[in-house]
1. Among residues belonging to segment 14-36 that are free of Cβ contacts under 8 Å to residues at least 60 places away in the same chain and not in a loop (DSSP other than H, G, I, E, B), point out the one that is most open to solvent (accessible area, probe 1.4 Å).
2. Looking for something part of a helix (DSSP H, G or I) and aromatic (Phe, Trp, Tyr) - is there at least one such residue anywhere in segment 148-168?
3. Does segment 119-127 contain at least one residue that is open to solvent by less than 100 Å² (accessible area, probe 1.4 Å) and farther than 30 Å from Asp9 by Cα?
4. Is segment 82-96 home to any residue that is of a type in the set (Lys, Arg), under 27 Å from the mean Cα position of the chain (by Cα) and either modelled with pLDDT of 95 or more or surrounded by 13 or more Cβ atoms within 10 Å (Cβ to Cβ) (or both)?
5. Looking at (1) within 30 Å of Asp18 (Cα to Cα); (2) modelled with pLDDT of 90 or more; (3) surrounded by fewer than 17 Cβ atoms within 10 Å (Cβ to Cβ), can you tell me which one Gln99 breaks?
6. State yes or no: is Gln156 open to solvent by 60 Å² or more (accessible area, probe 1.4 Å), at pLDDT 85 or above, among the polar types (S, T, N, Q) and out of contact with any strand residue (DSSP E or B) (no Cβ under 9 Å at 6 or more places or on another chain)?
Amino acid sequence: MSSEIYFSDNYRDLCVRDGTGAGFQFEFSCSRCYDTWRSPFEPYSGERAASWLEKGVNVAWGLLGRTGSGLTSAAEGLAGAGWGRARDHAFERAIGNAQGHFNRCARCTHYVCARCWNAAQGLCLACAPDTAAEATAAQQQGLTDMAAQRAYAAGQQAGQSYDVTTPRQLVCPQCRTETHGSAFCPGCGHRLAQPEHCGSCSSVLPAGSAFCPGCGTRR
């Protein structure tokens with residue numbers, strides 16, 4: 001090609017090289033909202049001609065009981081030789097069409113769709129946000145922050161009456177059910193968070209101990 005092609009990397013190459021469905025198509029996406037636009041599909045006539053030539057050669061040589069692999073390879077070579085140039089021309093046309101659907105921001109250089117473009121400022125909405133939308137969003141955020149602060153204060157007040165000294169077991173040692181800090185297991189009814197005492201001296205027996213640490217009595 002005699003001219004260079006300029007575009008960012010926010011596109012996908014959907015071109016198909018082989019088969020009767022060979023052709024060129026490209027998908028471009030907005031750098032802000034990621035909505036996509038596809039260029040019209042352009043069939044690749046070189047590959048179609050090669051496919052029909054290959055079929056004709058195979059039929060002709062098949063009637064003679066021979067194969068035409070040399071001629072079909074030549075046909076494929078002719079199609080492949082023109083693919084790169086045809087693709088570049090198709091890409092150039094696709095970019096020309098895409099420029100009607102996307103705007104290039106002068107500040108961040110990103111390509112964005114019409115919905116993400118601030119036409120009054122000539123910049124994308126990421127660089128020049130819509131003032132009314134930002135004000136509404138800020139108002140809602142302020143409302144949410146104040147509600148969260150009041151809810152936190154209410155939780156602190158309610159926490160004053162919460163007994164933090166009472167032992168709690170979050171998992172039942174008998175059936176492994178989550179207890180959520182209750183006094184009895186909701187799965188099997190086992191009484192929770194009650195330390196075992198020595199039958200001889202009434203000392204608290206540590207979990208897993210074989211003997212009483214107070215009198216030495218075996219559990």
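1. Thr36
2. Step one: list which residues in segment 148-168 are part of a helix (DSSP H, G or I), which gives 148-159.
From what is left, the residues that are aromatic (Phe, Trp, Tyr) are 152.
Checking segment 148-168: at least one residue is part of a helix (DSSP H, G or I) and aromatic (Phe, Trp, Tyr).
3. Let us first name the residues in segment 119-127 that are open to solvent by less than 100 Å² (accessible area, probe 1.4 Å), namely 119-120, 122-127.
If we keep only those that are farther than 30 Å from Asp9 by Cα as well, we get none.
No: segment 119-127 contains no residue that is open to solvent by less than 100 Å² (accessible area, probe 1.4 Å) and farther than 30 Å from Asp9 by Cα.
4. As a first pass, look at segment 82-96 and keep what is of a type in the set (Lys, Arg): 85, 87, 93.
With the extra rule that they be under 27 Å from the mean Cα position of the chain (by Cα), the set shrinks to none.
No, every residue in segment 82-96 fails to be of a type in the set (Lys, Arg), under 27 Å from the mean Cα position of the chain (by Cα) and either modelled with pLDDT of 95 or more or surrounded by 13 or more Cβ atoms within 10 Å (Cβ to Cβ) (or both).
5. All conditions pass for Gln99, except number (2).
6. Working: open to solvent by 60 Å² or more (accessible area, probe 1.4 Å): yes; at pLDDT 85 or above: yes; among the polar types (S, T, N, Q): yes; out of contact with any strand residue (DSSP E or B) (no Cβ under 9 Å at 6 or more places or on another chain): yes.
Yes: the conditions hold for Gln156.
The values are calculated or read from the model by the stated rules, or taken from the named source; none is laboratory data. Here the structure is a predicted model, which is why all the values come from computation and not from measurement. All Cβ positions, even for glycine, are placed from backbone atoms using ideal geometry, and neighbour counts span all protein chains on display. Quick note on the areas: whole protein, heavy atoms, side chains included, nothing else; ligands and nucleic acids left out. Shrake-Rupley method; radii C 1.70, N 1.55, O 1.52, S 1.80 Å.
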